[in-house]
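**Student:** There's a structure below that I have some questions on.
The values are calculated or read from the model by the stated rules, or taken from the named source; none is laboratory data. As the structure is a prediction and not an experimental result, all values here were calculated from the model. Methodologically, a virtual Cβ is constructed for each residue, glycine included, from the backbone with ideal geometry; neighbour enumeration extends over all protein chains shown. Calculation scope for accessible area: heavy atoms of the full protein, side chains included, ligands and nucleic acids excluded. Shrake-Rupley method; radii C 1.70, N 1.55, O 1.52, S 1.80 Å.
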Amino acid sequence: MIEWLGIGHLLELSGTEAVLGFLTPLLVFIFFFLAQLILPGRWVPGYVIDPETGEPRKYRLNGLLVFVIALAVWAFELTGMPRDWFYRSSLYAVAGGTVLTIVFTILAVFTQPEGKVKNRFLAWWFGRAQELQFFNHRFDVKMWFYVVGGTMLSLNALSGAVYHYELFGEDANPGVFVYAGFFTFYVLDYFIFERVQLYTYDLIHENVGFKLFWGGLIVYGWMFILPLWGMAAVPSPGFSPAATNIWLIGSVAMFLFGWGISRGANLQKYTFKRWPDRTFLGIEPQVIEAGDRRILCSGFWGVARHFNYLGEGFLGLSIALIFGHFTNFWAWTYFIFVVSMFTYRQRDDDAHCAQKYGPEKWAEYQARVKYRIIPGLY
């Protein structure tokens, strides 16, 4: 079965290496915990209101600095760890990280007061507390998720590219290296606009449960490179020079197009939430008044109710195409995951918004902006 799936190369570690792979997430979690706690950061208010003060909750952000340092530690092998280690130990790290997140979730959930959800499994899955901050708010668990997950996404992709090159040399697939570049750019962009994430779905709606622990640390950090589990062991598709140029340039163009939609929509929403009357890229904010709240319905948010998710879909499609093996199932795994996740999330977000703004006002927005994600289609 393993050989049929094409991931037998990920089970070639020795017994000692397998144990180290299993423990790798623990070492990574400790490194990022200390880095975020010790390295300097800037304090900024977010969107979520702190119930104890009635004011916007404050966050200490230093993700970009942590990311750059982690990248340097990996690139120069300052810990003695080979650059392909994260990739080669992927399966063991996912197993070890899953066990850790199960334990972390038990501690994080059942040390909190019982909330509306009485079922203990559902409480463990979804969480009880919206935020967990420690050390006088210097350490925020959700921001730790994003810094660990984002950085490890980039490092795992780069590690897979190193493995691929060492395996194939001159016969390496250029798409694998572009793929690693995609995610490194994606993560770098995230940290440059780190403050924007304080106004996104996870910070506003999600509680700290296993769904967020495992999703933020293991799925985001290790399993977003799922296509590479199969594609790193596959050589170049062997296109002609002209076809190679069309394939690579087209895939990169699609990636940048999707990134532009996603980043533009999120920046417009961020601008609106901080400065409600400010124009964005020359677009005047048009709103629906809902009591003391306002629903943005112009620009990206007047095209579709979750137009940013369409951008993520194009990113996923570009990733499927960048490997050049268009019929290989592994190449499509990230795209399938992203489409499934955001299709579910937009429905969940609609329910939250109907409650937040009131069903009548949200219905008015739905009538004005008819499509959920894809203009003219869905």
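**Student:** Just checking, which of G63, G80, G96 is small (G, A, S) and open to solvent by 60 Å² or more (accessible area, probe 1.4 Å)?
**Tutor:** It is G80.
**Student:** Now for a different question. Check the range 34-54 and report whether any residue there is surrounded by 15 or more Cβ atoms within 10 Å (Cβ to Cβ), of a type outside the set (G, A, S) and modelled with pLDDT of 95 or more.
**Tutor:** yes
**Student:** Given the condition open to solvent by 60 Å² or more (accessible area, probe 1.4 Å), in a loop (DSSP other than H, G, I, E, B) and touching a Leu at 6+ places or on another chain (Cβ under 9 Å), answer yes or no: does some residue in the range 284-300 qualify?
**Tutor:** Going through the range 284-300, the residues open to solvent by 60 Å² or more (accessible area, probe 1.4 Å) turn out to be 284, 286, 289, 291-294.
So of that shortlist, the ones also in a loop (DSSP other than H, G, I, E, B) come out as 284, 286, 291-292.
From what's left, touching a Leu at 6+ places or on another chain (Cβ under 9 Å): 286.
Yes, there is a match, as at least one residue in the range 284-300 is open to solvent by 60 Å² or more (accessible area, probe 1.4 Å), in a loop (DSSP other than H, G, I, E, B) and touching a Leu at 6+ places or on another chain (Cβ under 9 Å).
**Student:** Of all residues in the range 143-175, which are under 29 Å from L132 (Cα atoms) and either of a type in the set (A, V, I, L, M) or open to solvent by 30 Å² or more (accessible area, probe 1.4 Å) (or both)?
**Tutor:** The answer is M143, V147, V148, M152, L153, L155.
**Student:** Would you point out which residue out of E114, E131 is among the acidic types (D, E), more than 22 Å from the chain's Cα centre (by Cα) and open to solvent by 10 Å² or more (accessible area, probe 1.4 Å)?
**Tutor:** E114
**Student:** Shifting gears a bit: Could you check the range 203-219 and list, in sequence order, the residues that are assigned to a helix (DSSP H, G or I), closer than 23 Å to G97 by Cα and open to solvent by 30 Å² or more (accessible area, probe 1.4 Å)?
**Tutor:** Answer for the range 203-219, where residues must be assigned to a helix (DSSP H, G or I), closer than 23 Å to G97 by Cα and open to solvent by 30 Å² or more (accessible area, probe 1.4 Å): K211, W214.
**Student:** Another one. Looking at F177, F183, F191, can you tell me which residue is over 30 Å from P45 (Cα atoms), assigned to a helix (DSSP H, G or I) and of a type in the set (A, V, I, L, M, F, W, C)?
**Tutor:** Of F177, F183, F191, the one residue that is over 30 Å from P45 (Cα atoms), assigned to a helix (DSSP H, G or I) and of a type in the set (A, V, I, L, M, F, W, C) is F177.
**Student:** Inspect the range 20-38 for any residue being over 23 Å from the mean Cα position of the chain (by Cα) and closer than 16 Å to W85 by Cα and give the result as yes or no.
**Tutor:** Yes, the range 20-38 contains at least one residue that is over 23 Å from the mean Cα position of the chain (by Cα) and closer than 16 Å to W85 by Cα.
**Student:** Among the residues of the range 56-67 satisfying the criterion of being aliphatic (A, V, I, L, M) and touching a residue at least 40 places away in the same chain (Cβ under 8 Å), which is farthest from G21 (Cα to Cα)?
**Tutor:** So in the range 56-67, the residues aliphatic (A, V, I, L, M) come out as 61, 64-66.
Next, from what is left, pick out any that are touching a residue at least 40 places away in the same chain (Cβ under 8 Å): 61, 64, 66.
Numbers: L61: 29, L64: 26, V66: 22 Å.
Here the answer is L61.
**Student:** Might you let me know whether the range 68-75 holds any residue that is within 30 Å of R57 (Cβ to Cβ), free of Cβ contacts under 8 Å to residues at least 60 places away in the same chain and not aromatic (F, W, Y)?
**Tutor:** Taking every residue of the range 68-75 in turn, at least one turns out to be within 30 Å of R57 (Cβ to Cβ), free of Cβ contacts under 8 Å to residues at least 60 places away in the same chain and not aromatic (F, W, Y).
**Student:** So which residues in the range 99-111 are open to solvent by 50 Å² or more (accessible area, probe 1.4 Å) and either among the aliphatic types (A, V, I, L, M) or without any contact (Cβ under 8 Å) to a residue 60 or more places away in the chain (or both), if there are any at all?
**Tutor:** Within the range 99-111, V99, I102, V103, I106, L107, F110, T111 meet the criteria.
**Student:** Cβ-Cβ below 9 Å, separation at least six or inter-chain, first residue in the range 309-332 and over 24 Å from Y344 (Cα atoms), second aromatic (F, W, Y) and crowded, with 23+ Cβ neighbours inside 10 Å: which pairs?
**Tutor:** Close Cβ pairs satisfying both conditions: I322/Y179; I322/F255; F323/Y179.
**Student:** Name the residue that is farthest from R372 (Cα to Cα), counting only residues in the range 235-252 that are in contact with a helix residue (DSSP H, G or I) (Cβ under 8 Å, 6 or more places away or on another chain) and aliphatic (A, V, I, L, M).
**Tutor:** Ranking the candidates gives L248 first.
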